[in-house]
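Worksheet: the structure to be examined is printed underneath.
The values are calculated or read from the model by the stated rules, or taken from the named source; none is laboratory data. What you see is a predicted model; the values in this text were computed from it and never measured. Quick reminder, even Gly has a Cβ in these numbers, built from the backbone with ideal geometry, and neighbours come from all protein chains shown. Accessible surface is based on the protein model in full, side chains and every heavy atom, while ligands, DNA and RNA are left aside. Shrake-Rupley method; radii C 1.70, N 1.55, O 1.52, S 1.80 Å.
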Amino acid sequence: MAKIKHNNLLNTVIDVMTNAKESGALHLYAEGENFDGRQIQIKGKKLFHFGTTGYLGLEQDYRLKQGAIKAIEAYGTQFPLSKSYVSHPLYAELESLMYDIYGSPVVITKNSTLGHLGVIPSVVDDGDGVILDHQVHWSVQSAVNPLKLRSVPVEMIRHNNLEMLEDKIRKLQSKCDKIWYMADGMYSMYGDYAPIEELMQLSNKYPQLHIYFDDVHGMSWKGKHGSGYVMSVLKELPDRVILFGTLSKTFGASGAVMVCNDRKIHQRIKNFGGPLTFSVQLEPGSVGAAIASAKIHLSDEIYTMQEELFERIAFFNQCLKKTDLPLIFDNDSPIFYIGAGMPETGFNLVNRLIKAGYYVNTGIFPAVPVKNTGLRITVSRSNEKEEIKGLVEAIVENFPKALEDTHTSLERVNFAFGKTHNKLREKHPSKSNLTVETYDSIEQINPKLWNETVGGNGFYDWEGLKSLESVFTSNNLPEHNYQFFYYLVKDAKGKCILATFFSFGLWKEDMLAPKSVSVKLEKERQINPYLHTSSCLCMGSMITEGEHLYLCQEKTNWQEALNLLLQQVEKLEKKLQPQYLILRDFDPHNKAIKDFLHNKGFVQIAMPEAAVFTEFNWEDQSEYMEQLSKSSRKHFRKDIEAFTKKLQIRINRELPKGELDKCYDLYLGVKENNLGLNTFNYPFELFEHMNESFQWEFILVYLKEDRSLVGVMFCYKNSNNIYTPAVVGMDYKYSREYNIYRQLLYQTILRAKELGSTRIDFGLTAGFEKRKVGAKVLQKCAYLQTRDNFALEALDWLRND
């Protein structure tokens, strides 16, 4: 069967950021002839600046500016030579000053991204292993990627999850020399910290464990000589810890610094550090500014600056505590995160604050889960208490308005972040002319209404869902039990404008991942069968395929209807606590739906191609072949017609027990050989039900010479005259020799024609094969929400393995 086209996480990131840009919350340009750090001018308006990473305001310090100017005057705008040959005269002084700040040997790098790219592949040997905190900075993750080409095992843990970390250490212990755990000292979105002391305890417990910290956001505002958050806890750098600090951001200049007590590693990086060897060194102006900053760091003045910043942080905390704003992490760092939930709510609030005279950053995917969009507010020494107080008042005033504009509530925001509901004064949403009806069984819904709306597809018409409810309940294995939920949205006249159903159950997280990922995971699942599995609340179900949402998009209030559905589904989320929420089987080119769902906190992911057949305007095989393309006719003669005399075709409404068992074995054979769409095996009870239901039948393919059963198509006759080959089974000993799959597709078309069907829903995957028999292939996508980005990122690592 043809391979599935898989989603690239990068495409999703680009879509989300493009949406943010179009909303006016991202990729803005500062204006003006000067900048003082306190205010920033955007679109002709001066705004109080709460988005800087220069928390101490050193980038505006006269001494740093003069240091840069004098260095440029003395040495030019650049020193165009690799450091491997000659470092310009100021480098030695800067390295000496940075040694004094940390009390350990250092290597100066152009920036932290290049630094990680130079250091990580150099210090991690082929026999080592790597474990990443899933929120560690992108620059670290990017530098780890090349290690996979050297077969270095790379694992990922949930954020700050020490129990999971220790499990991974034990897993790598026997097969790795060193185990490198990589994390941020202070994380850039929520302003929370790595559990430094606990990590040192683990390091003492496991001598193989080495720690690699990126502490660029902890630099300067914390620690002795401004050496950063990590050093404020450690005091002295252990031999098995590598630390990255920054010369930019709060330090006020440009560049980065690696700190390491292991002399061997230090010299290894110093002598050859990949891009550090071949890249042009820091410009003289940057080094001059960094020297001036380092001298401030080594004076008592740095502690005065830190104290002034702490006063502002404490005042901001004091102001926030008088409100019910959803502050996500209580901290004493300069970074604060106010949750907004859906992207459109965050964008709305950012734009409102700009109008009120304040600039804050937007926290968006992939830095945070899409539904954890929020305000990333940074406090600096440049901010005065007056505007700090004013910012809090502006957020308090505008937050309820943003919630109202985007049809959400503080309760929903808090739920997105796993927080309890505060009592922020909110405006009540305007009354809707639409009503939502919710059901927990298809039997509670009028069959005619259901079949005329969403039930007109696949085998999830009224009768089909009634059967699925019966089959997927009270089974022994958790993956064979599903809960079903049904939703109808009607207008004031009682006309249904939206209909759909959801199911809740256990899914494999790699269901839509590349086959290579599933092959690797299935080997591990032989020992741990539920590895990388999660509960999922999904539009439709694991077994059904097709358009699971009936929506009158031509109606002007379709967005209101869809929003009402999402509100009801969110209530269900609170009750069931799924790891994933998936809306599936959409047209990826429907921009209106795409924009609407992106703004509601969903990311688009690719699905396998679907296929339908509708061309029944023929009477015999020759007329059927005439409607195929020239190449498809050639394939038909070679791969289908050439074998018809060697095969016997039977269509049975019911099978004896032995033959049903054989058909089930053939289905399992297909499952084991096709991991491109990796799901749990369907229970045998489903096939027993098929054998008992008048709506199911079996297209069977036998070898004439020995009457061996080599293929079966399990087909459903929809009440709307749609024929659905839902499940396939094949004997792989004969499948290639006799082209069994293409034969089954053709026989399905013949049977649908015989029954007078108007359409065949061929379902997902194998688009190439289905196109060759005349089916129309359709691109499909799904929209995903997760509680966090861990599973997405962990599978993305496996995808690149």
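Each residue in region 744-768 was checked for being open to solvent by 30 Å² or more (accessible area, probe 1.4 Å), part of a helix (DSSP H, G or I) and either farther than 23 Å from Ser631 by Cβ or at pLDDT 90 or above (or both), and 5 pass. Under the condition of being closer than 24 Å to His598 by Cα and either out of contact with any strand residue (DSSP E or B) (no Cβ under 7 Å at 6 or more places or on another chain) or surrounded by fewer than 23 Cβ atoms within 10 Å (Cβ to Cβ) (or both), the residues counted in region 329-344 number 2. Cβ-Cβ distances below 7 Å connect no pair with a first residue in region 302-316 that is open to solvent by 60 Å² or more (accessible area, probe 1.4 Å), a second residue that is among the polar types (S, T, N, Q) and assigned to a helix (DSSP H, G or I), and a separation of six or more residues or different chains. Restrict the check to region 41-52 and report whether at least one residue is open to solvent by 60 Å² or more (accessible area, probe 1.4 Å), more than 30 Å from Glu307 (Cα to Cα) and in contact with a Leu (Cβ under 9 Å, 6 or more places away or on another chain). Yes: region 41-52 contains one or more residues that are open to solvent by 60 Å² or more (accessible area, probe 1.4 Å), more than 30 Å from Glu307 (Cα to Cα) and in contact with a Leu (Cβ under 9 Å, 6 or more places away or on another chain). What do you reckon, is Pro89 over 30 Å from Met189 (Cβ atoms), in contact with a strand residue (DSSP E or B) (Cβ under 7 Å, 6 or more places away or on another chain) and either part of a loop (DSSP other than H, G, I, E, B) or in contact (Cβ under 8 Å) with a residue 60 or more places away in the chain (or both)? Here the answer is no, as Pro89 does not meet what is asked. The set of residues in region 92-113 that are farther than 26 Å from Ser139 by Cβ and free of Cβ contacts under 8 Å to residues at least 24 places away in the same chain comprises Ala92, Ser96.
One residue alone among Asp167, Asp192 is of a type in the set (Asp, Glu) and free of Cβ contacts under 8 Å to residues at least 24 places away in the same chain, and that residue is Asp167.
Listed here are the residues, each with its yes/no results for (1) open to solvent by less than 30 Å² (accessible area, probe 1.4 Å); (2) part of a helix (DSSP H, G or I); (3) farther than 26 Å from Gln559 by Cβ.
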position: Glu443; (1), (2), (3): no, yes, yes
position: Trp450; (1), (2), (3): yes, yes, no
position: Gly455; (1), (2), (3): yes, yes, no
position: Gly464; (1), (2), (3): yes, yes, yes
position: Ser467; (1), (2), (3): yes, yes, yes
position: Ser470; (1), (2), (3): no, yes, yes
position: Ser474; (1), (2), (3): no, no, yes
position: Leu488; (1), (2), (3): yes, no, no
position: Ala492; (1), (2), (3): no, no, no
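Of the residues making up region 730-761, just one is under 39 Å from the mean Cα position of the chain (by Cα) and at positive phi, namely Asn739.
Residues in region 678-708 that are hydrophobic (A, V, I, L, M, F, W, C) and either farther than 23 Å from Asp461 by Cβ or open to solvent by 50 Å² or more (accessible area, probe 1.4 Å) (or both): 6 in all. Apart from one condition, Glu615 fits all of (1) more than 22 Å from Gly458 (Cβ to Cβ); (2) over 26 Å from the mean Cα position of the chain (by Cα); (3) not hydrophobic (A, V, I, L, M, F, W, C); the exception is (1).
With the structure loaded, tell me whether Lys65 is touching a residue at least 24 places away in the same chain (Cβ under 8 Å) and either within 29 Å of Met305 (Cα to Cα) or open to solvent by less than 40 Å² (accessible area, probe 1.4 Å) (or both) or whether it fails that test. For Lys65, the condition - touching a residue at least 24 places away in the same chain (Cβ under 8 Å) and either within 29 Å of Met305 (Cα to Cα) or open to solvent by less than 40 Å² (accessible area, probe 1.4 Å) (or both) - is met.
Consider region 208-240 and keep the residues that are crowded, with 24+ Cβ neighbours inside 10 Å and aliphatic (A, V, I, L, M). The one that is nearest to Trp138 (Cα to Cα) is Val216.
Could you list, in sequence order, the residues of region 604-631 that are out of contact with any helix residue (DSSP H, G or I) (no Cβ under 6 Å at 6 or more places or on another chain) and among the aliphatic types (A, V, I, L, M)? Hits for region 604-631 are Ile605, Ala606, Met607, Ala610, Val612, Leu628. Looking across Tyr29, Tyr55, one residue alone is under 20 Å from Glu301 (Cβ atoms), touching a residue at least 12 places away in the same chain (Cβ under 8 Å) and among the aromatic types (Phe, Trp, Tyr). It is Tyr55. Restricting attention to region 375-414 and to residues that are open to solvent by 10 Å² or more (accessible area, probe 1.4 Å) and of a type in the set (Asp, Glu), the residue that is farthest from Asn361 (Cα to Cα) turns out to be Glu411. Being within 13 Å of Phe680 (Cα to Cα) and in a helix (DSSP H, G or I) is the filter here, so list the residues in region 494-520 that pass it. Result: Ser518, single match.
Condition first: under 20 Å from the mean Cα position of the chain (by Cα), open to solvent by 20 Å² or more (accessible area, probe 1.4 Å) and charged (D, E, K, R). Can you find one or more residues in region 618-632 that meet it? No - not one qualifying residue is present in region 618-632.
Residues checked against (1) in a helix (DSSP H, G or I); (2) under 19 Å from Thr53 (Cβ atoms); (3) among the hydrophobic types (A, V, I, L, M, F, W, C); (4) touching a Leu at 6+ places or on another chain (Cβ under 6 Å):
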| position | (1), (2), (3), (4) |
| --- | --- |
| Tyr212 | no, no, no, no |
| Trp221 | no, yes, yes, yes |
| Met258 | no, no, yes, no |
| Ser299 | no, no, no, no |
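Against the conditions (1) under 20 Å from Ser122 (Cα atoms); (2) outside any strand (DSSP E or B), His225 satisfies every one except (1).
Taking region 343-371 as the range and being modelled with pLDDT of 90 or more and over 15 Å from Asn398 (Cα atoms) as the test, the residues that pass are Pro343, Asn361, Thr362, Gly363. Each residue in region 92-116 was checked for being touching a strand residue (DSSP E or B) at 6+ places or on another chain (Cβ under 8 Å) and among the small types (Gly, Ala, Ser), and 3 of them qualify.
For region 31-40, a residue qualifies if it is open to solvent by 70 Å² or more (accessible area, probe 1.4 Å) and closer than 30 Å to Asn599 by Cβ, and exactly one does: Glu31. Within region 682-696, the set of residues being under 40 Å from the mean Cα position of the chain (by Cα), closer than 20 Å to Gln747 by Cα and not polar (S, T, N, Q) comprises Met690, Trp696.
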